[in-house]
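The values are calculated or read from the model by the stated rules, or taken from the named source; none is laboratory data. The shown structure was predicted, so the numbers you read here are calculated from the model rather than taken from an experiment. Reconstructed Cβ throughout: ideal geometry from the backbone, glycine too, with neighbour counts over all protein chains shown. In case anyone asks, the SASA skips ligands and DNA or RNA and just uses the protein heavy atoms, side chains included. Shrake-Rupley method; radii C 1.70, N 1.55, O 1.52, S 1.80 Å.
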Amino acid sequence: MTAPFTVELDTTPGRRQGEERFVLHLDGEAREVVLHDYATVYSVPGLYEEVVQRRLQCASPATVADALVEAGAAIGREPADLRAFDLGAGNGVVGEELTARGVTVVVGADGIPEARDAAHRDRPGMYEHYLVGERLDGAEVARLVREERLDALVAAGAVGEGHVPVDALAELWSAFPAGSVLALTLKDGGAESGDHDVPDVEGMLAGFDDTRVVVRRRFRHRLSMAGTELFYVVLAAVKG
């Protein structure tokens, strides 16, 4: 079925990821949309997938799911044994990749209610729980981890500058029991860019005596709208 919209990417070079935009043609109207205006992007079914996954070839969802499975295997855990908390879940693209690999996705979380609503609309039944908040309540997360027997924490591009703070990730990870697996993708602009996401998270993980990193790779996250390659690092760690 043909999508009820078309998009024109703004290929202006030199823009940061948070500044990228496109023109959305929908219902006879043209509207400029900032890519990171997720409330607007998620409001149109299929728009996120068209722009980010298809046009910009985003690899983070598949990459983070593969890393989680790889890290689980390092401690003898099968994908079907893992029960996941999807941080920065959006409309469920990462959850879908995890499910395809046999992981049970239980909880999603995002900073805006539009993401939760889109997930329930686009992938009904994927998440038993979906939390909304810029900084999640630690006690609520700890309760869900305990009651739902969660042992996998996943975040694709959801941690770092402008997203979930590194100290908030540390609080979440501390709620997970021994034998748990963490997988995330992080922006890697290189040392000259001033990006601190990768070293900040690696430093945070090093502060956990019971956590060790078992996967660390640089990969092409996606294309920019100007056509340049954007690289991230995928990290996966195990606890205990």
Worksheet item: If we keep just the residues of the stretch 121-138 that are assigned to a helix (DSSP H, G or I) and modelled with pLDDT of 95 or more, which is most open to solvent (accessible area, probe 1.4 Å)?
Response: R121
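Test of understanding: among A118, A67, A142, which residue is surrounded by fewer than 24 Cβ atoms within 10 Å (Cβ to Cβ) and in a helix (DSSP H, G or I)? Before you say what the answer is, go through the steps one by one.
Details: A118 fails: surrounded by fewer than 24 Cβ atoms within 10 Å (Cβ to Cβ); A67 fails: surrounded by fewer than 24 Cβ atoms within 10 Å (Cβ to Cβ).
Matching residue, one of A118, A67, A142: A142.
Quick check: is even one residue across the stretch 48-61 farther than 20 Å from R123 by Cβ and either part of a strand (DSSP E or B) or open to solvent by 60 Å² or more (accessible area, probe 1.4 Å) (or both)? Before you say what the answer is, go through the steps one by one.
From the stretch 48-61, those farther than 20 Å from R123 by Cβ are 55-57; that's our starting set.
Those left that are additionally either part of a strand (DSSP E or B) or open to solvent by 60 Å² or more (accessible area, probe 1.4 Å) (or both): 55, 57.
Within the stretch 48-61, one or more residues are farther than 20 Å from R123 by Cβ and either part of a strand (DSSP E or B) or open to solvent by 60 Å² or more (accessible area, probe 1.4 Å) (or both).
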Worksheet item: Tell me, which residue of the stretch 10-26 that is of a type outside the set (K, R) and without any contact (Cβ under 8 Å) to a residue 24 or more places away in the chain is farthest from G227 (Cα to Cα)?
Response: L26
Discussion item. Condition first: β-branched (V, I, T), in a helix (DSSP H, G or I) and modelled with pLDDT of 95 or more. Can you find one or more residues in the stretch 81-94 that meet it?
Written reply: yes
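Quick check on my filter: what residues within the stretch 15-47 are small (G, A, S) and either assigned to a helix (DSSP H, G or I) or surrounded by 14 or more Cβ atoms within 10 Å (Cβ to Cβ) (or both)? Working first, answer last.
Within the stretch 15-47, the first condition is being small (G, A, S), and the residues that meet it are 18, 28, 30, 39, 43, 46.
Those that are small (G, A, S) and either assigned to a helix (DSSP H, G or I) or surrounded by 14 or more Cβ atoms within 10 Å (Cβ to Cβ) (or both): G18, A39, S43, G46.
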Item to complete: With respect to T104, determine if the residue is under 15 Å from the mean Cα position of the chain (by Cα), over 17 Å from Y48 (Cα atoms) and surrounded by fewer than 24 Cβ atoms within 10 Å (Cβ to Cβ).
Response: no
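Among the candidates L230, L169, which residue alone is out of contact with any Cys (no Cβ under 8 Å at 6 or more places or on another chain) and open to solvent by less than 20 Å² (accessible area, probe 1.4 Å)? Even if it seems obvious, please write down each step before you answer.
Numbers: L230 fails: open to solvent by less than 20 Å² (accessible area, probe 1.4 Å).
Of the residues listed, the single one that is out of contact with any Cys (no Cβ under 8 Å at 6 or more places or on another chain) and open to solvent by less than 20 Å² (accessible area, probe 1.4 Å) is L169.
Just a yes or no: is a residue in the stretch 37-45 closer than 20 Å to V154 by Cα and at pLDDT 95 or above? Working first, answer last.
Step one: list which residues in the stretch 37-45 are closer than 20 Å to V154 by Cα, which gives 38.
Applying the additional criterion that residues be at pLDDT 95 or above yields 38.
The answer is yes; a qualifying residue exists.
Which of the residues spanning the stretch 145-162 are surrounded by 20 or more Cβ atoms within 10 Å (Cβ to Cβ) and either touching an Asp or Glu at 6+ places or on another chain (Cβ under 9 Å) or assigned to a strand (DSSP E or B) (or both)?
Listed by number, the residues that qualify are V145, D151, A152, L153, V154, A155, A156, A158, V159, G160.
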